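Asks: Quick one: the structure is below, and I'll ask about it shortly.
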Amino acid sequence: MKVMKIVVCVKQIPDPATPGSLDSATNALKRDGKLILDDSDAYGVEMALQLATAAGGGEVNIVSMAPNNETSGMRTALAMGAVRGVLVSDPALAGSDALTTAKVLAAAIQKVGMPDLVIAATESTDGYTGTVPEQIAEVLGLPSVTFAKKVKVEGGTLKIDRQTESGYDEVECPLPALVSVTAGVVEPRYPSFKGIMDAKKKEIVTVTAADLGVSPVGWSGAGQKVASVTQAEARKAGQVIEDDGEAFNKIVAFLETLKVI
Amino acid sequence: MTLNNVWVFAQGNNGTISSFTAELLTKARSLSDNVSAFVAGDGAALADALGKYGAKKVYSTGDLGGRLVGVAAANAMKSQIDGGDKPDLILFPQNYDGRDAIARLSVKLGVTVLTNNIDIAVNGGEVVATTPIFGGNVLFAAAFTGSGPHLASFRPKSFAAEESGGAAAQVVAVSVPDGGATAAAKVTAVHVEETSGPKLDEANIVVSGGRGLGESQNFGMVEELAKLLHGAPGASRAIVDAGWVPYSYQVGQTGKVVKPSVYIAAGISGATQHMVGMKGSKNIIAINKDKEAPIFAVADLGIVGDVHKVLPKLIEALKARG
């Protein structure tokens, strides 16, 4: 039986628990500290591993784009069970817009070898442009199903429940294809100790944008520039009280003054 | 300075346009005298409603026969643009199909996208879109460079919808070129998750629950309180991911944006992801055990307490009022 080949696009991001900041010179999001695997991407990695198992054999590759040869987030994905990774790291990529990012990731996927399935999260936690997966699909000439909350493969066809405003649609799509998965689509496994040790030995190939033949990239390739950065008007905090068992009365009184009860 | 030609990616059904479409058309009118709606579907049925909000023309692909909206819309737009009908700017809603369409079109046209915006303006010849970052504490404005069409998407409720009193939009039938492999996905069934009471993003009162509820069955208190107040129940991403409630309940960055008169957050700490979706509410009431929870920084009334004690008493008190 043919081995199912899957590539998962992952982003390595600053720890969301620490407040974000902008580079004072360029106004780009600062991403120079330690980076971790975006939580949203753990679902895609898990989905890929489960689909590979369900297919009776498969190979899960990881592609990522990050500054400073950062691989710690990719190692997490490898520790979960992915076999190898391609990292695109290149100072020239700083300031790249979503379209350039998609072109770079698409080229990295082709470097791995065109898979049966590409999986991504619906959007990253730090930048959340939310268009990169669909842009990758277009660059690669693939069909795509975004916002998948349930994914299975039957006889070479994807069967997906896709989130909609009012519920969900059942969608069928032939392979090869791209799928973006919502958080909660599966329960990501925790890497085992053995997995973590094995991940250290797994191969991560690092390439530049030039190696992939993608140009222009970075600020010069972006069809946008920073116009201004301003502080938003802060919402003022109101009254905060400790519940003494009667605080519900304060809520009732407040709702009364608002004339909603 | 105004733009010559602006398109809006428009949605609706049964002759009614979505509130999101009405908001974007209202904004488009302030940027151009020549606003058109682009409907991947039966646009003719929406011509009256679109005209009321200022669309002079509606491009209509007709029924898509189960093809996904995003890729079909992008193909049809590209074909129209290649034919010489080129807008300066296209406004998209930041929702499922809007995101698919803007992404596909951006690659086809080789132009950038600016997403998650809450405002757009023309300043000295530049089109500048504004997006809130860091949970809305900072406003980041970016200008498009290069030639159009410029592609921008917006969060719901960024603009207040106002009718223009315009006549029905003129219907222009457009074809959807064969998308080949990219258009191979097909919708085989549609499921609508019925909810009773007002819709989450339209309700005057929203009561949301989070992790602080402890376990899924306690969400019943949130639903009961919402019902008593004739409002809608909502949820934080944490409990949606945990499978307590469907995704359609989610308020936040990756869920719905709500701006009700009253927002009650029960057992929600106030992660950035959540705050983005609710801090535009007129009045916010928060109940949380942790007095350091970020939600208290935006609450008009904050109760530091246990939701398991406060909510039942509140529900009883409201019931007693009848």
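Asks: If a residue counts only when it is modelled with pLDDT under 95, which helices (runs of 4 or more DSSP H) contained entirely in the range B:1-90 have at least 2 such residues?
Replies: By residue number, B:19-31.
Asks: A:Ala55 passes all but one of (1) farther than 13 Å from A:Ile119 by Cβ; (2) crowded, with 22+ Cβ neighbours inside 10 Å; which number fails?
Replies: Failing condition for A:Ala55: (2).
Asks: With the condition kept exactly as written, say whether any residue in the range A:127-144 is part of a strand (DSSP E or B) and either within 15 Å of the chain's Cα centre (by Cα) or surrounded by fewer than 16 Cβ atoms within 10 Å (Cβ to Cβ) (or both).
Replies: Checked against the condition, which is being part of a strand (DSSP E or B) and either within 15 Å of the chain's Cα centre (by Cα) or surrounded by fewer than 16 Cβ atoms within 10 Å (Cβ to Cβ) (or both), the range A:127-144 yields no hits at all.
Asks: When you scan the range B:210-322 for strands (runs of 3 or more DSSP E) that lie fully inside it, which ones turn up with 1 or more residues that are small (Gly, Ala, Ser) and facing chain A (nearest Cβ under 7 Å)? Break it down stepwise before answering.
Replies: Details: elements: B:232-235, B:262-266, B:283-288, B:301-304.
Passing ranges, in order: B:301-304.
Asks: Inspect the range A:167-177 for any residue being among the small types (Gly, Ala, Ser) and open to solvent by 50 Å² or more (accessible area, probe 1.4 Å) and give the result as yes or no.
Replies: Within the range A:167-177, not a single residue is among the small types (Gly, Ala, Ser) and open to solvent by 50 Å² or more (accessible area, probe 1.4 Å).
Asks: Looking at the range B:132-147, which of the residues that are open to solvent by less than 20 Å² (accessible area, probe 1.4 Å) and in contact with an Asp or Glu (Cβ under 9 Å, 6 or more places away or on another chain) is nearest to B:Gly41 (Cα to Cα)?
Replies: That would be B:Phe144.
Asks: Would you confirm, using the coordinates I've provided, whether A:Lys250 is in contact with a strand residue (DSSP E or B) (Cβ under 7 Å, 6 or more places away or on another chain), farther than 30 Å from B:Ala129 by Cα and of a type in the set (Lys, Arg)?
Replies: Yes.
Asks: Considering every residue within the range B:241-260, establish whether at least one is open to solvent by 60 Å² or more (accessible area, probe 1.4 Å), modelled with pLDDT under 90 and polar (S, T, N, Q).
Replies: no
Asks: Filter the range A:19-31 down to residues that are without any contact (Cβ under 8 Å) to a residue 12 or more places away in the chain and open to solvent by 60 Å² or more (accessible area, probe 1.4 Å) and give me whichever is nearest to the other protein chains (Cβ to nearest Cβ).
Replies: A:Pro19
Asks: Another one. Can you tell which of B:Gly110, B:Gly180, B:Gly197, B:Gly166 is over 22 Å from A:Ile136 (Cβ atoms) and out of contact with any Gly (no Cβ under 7 Å at 6 or more places or on another chain)?
Replies: Matching residue, one of B:Gly110, B:Gly180, B:Gly197, B:Gly166: B:Gly197.
Asks: Tell me, which strands (runs of 3 or more DSSP E) lie completely within the range A:190-261 with 3 or more residues that are open to solvent by 60 Å² or more (accessible area, probe 1.4 Å) and under 30 Å from B:Ile120 (Cα atoms)?
Replies: Those strands (runs of 3 or more DSSP E) span A:224-231.
The values are calculated or read from the model by the stated rules, or taken from the named source; none is laboratory data. What you see is a predicted model; the values in this text were computed from it and never measured. All Cβ positions, even for glycine, are placed from backbone atoms using ideal geometry, and neighbour counts span all protein chains on display. Surface areas here come from the heavy atoms of the whole protein model, side chains and all, with no ligands, DNA or RNA. Shrake-Rupley method; radii C 1.70, N 1.55, O 1.52, S 1.80 Å.
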